[in-house]
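What follows is a set of notes on a single structure, which appears directly below.
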Amino acid sequence: MDRPRIRLTSVTITTPRPRELAAFWSTLLGWPVSVEEPAGDGEPEEAGWAQVRPPAGENGFTLNFEYERSWTRPVWPSAAGHQNATEHLDVEVDDLDTAVAWALECGAELAGDQPQTDVRVLLDPDGHPFCFF
């Protein structure tokens with residue numbers, strides 16, 4: 001059987017605050033928030049769903065932010081008995097120091113453990129790790 005056409009288009013990130021986390025990534029990347037949905041019936045006000053897409057002419061994955069009712073902030077690096085991150089985003093930058101300074105200004109946190117000299121591990125406001133390289 002020939003492989004059918006399969007194309008990865010987006011990543012969905014769970015969070016207790018989808019619209020707030022989408023705003024962080026929108027500011028960090030300079031991409032627009034393309035969709036924001038309010039909380040559903042019976043959900044807390046911070047619930048909902050949001051999406052950040054690259055602007056026209058720019059390549060990149062769509063980032064979806066989905067409400068997680070039972071959110072536990074992950075720890076990085078992993079630690080026994082704690083919620084571990086199950087994924088992270090790798091982000092290419094032109095100038096590592098300038099990009100890290102921008103991310104911190106946007107609300108990211110520099111991770112305490114930095115295992116590589118040419119990569120910086122950061123945490124978004126909900127604790128999801130991401131790497132600048």
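Here are the numbers for the structure shown:
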read-out: Check on Arg19, modelled with pLDDT of 95 or more and either assigned to a helix (DSSP H, G or I) or open to solvent by less than 30 Å² (accessible area, probe 1.4 Å) (or both); value: yes
read-out: Hits in region 86-102 - residues which are surrounded by 16 or more Cβ atoms within 10 Å (Cβ to Cβ) and modelled with pLDDT under 95; value: His88
read-out: Answer residue from region 31-54, given it is among the charged types (D, E, K, R) and not in a loop (DSSP other than H, G, I, E, B) and is farthest from Ser10 (Cα to Cα) among those; value: Glu37
read-out: Among (1) under 15 Å from Phe24 (Cβ atoms); (2) surrounded by 15 or more Cβ atoms within 10 Å (Cβ to Cβ); (3) out of contact with any Leu (no Cβ under 6 Å at 6 or more places or on another chain) - the single one Glu105 does not satisfy; value: (2)
read-out: Scope region 66-85; condition open to solvent by 90 Å² or more (accessible area, probe 1.4 Å) and either aliphatic (A, V, I, L, M) or closer than 14 Å to Asp124 by Cβ (or both); matching residues; value: Arg73, Ala80
read-out: Selection within region 35-53 - open to solvent by less than 60 Å² (accessible area, probe 1.4 Å) and touching a residue at least 24 places away in the same chain (Cβ under 8 Å); value: Ala39, Ala47, Gly48, Ala50, Gln51, Val52
read-out: Filter result for the condition that a residue is touching a residue at least 60 places away in the same chain (Cβ under 8 Å) and buried (at least 17 other Cβ atoms within 10 Å of the Cβ), over Leu63, Leu28; value: Leu28
read-out: Candidate set from region 56-110 (those that are in contact with a Gly (Cβ under 7 Å, 6 or more places away or on another chain) and not charged (D, E, K, R)); member that is farthest from Glu37 (Cα to Cα); value: Pro74
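The values are calculated or read from the model by the stated rules, or taken from the named source; none is laboratory data. Every value quoted in this text rests on a predicted model; they were computed, and no experiment measured them. So basically every Cβ, Gly included, is an ideal-geometry build from the backbone, and we count neighbours across all protein chains shown. For the accessible areas, the whole protein counts, side chains as well, though only heavy atoms, and no ligand, DNA or RNA atoms are used. Shrake-Rupley method; radii C 1.70, N 1.55, O 1.52, S 1.80 Å.
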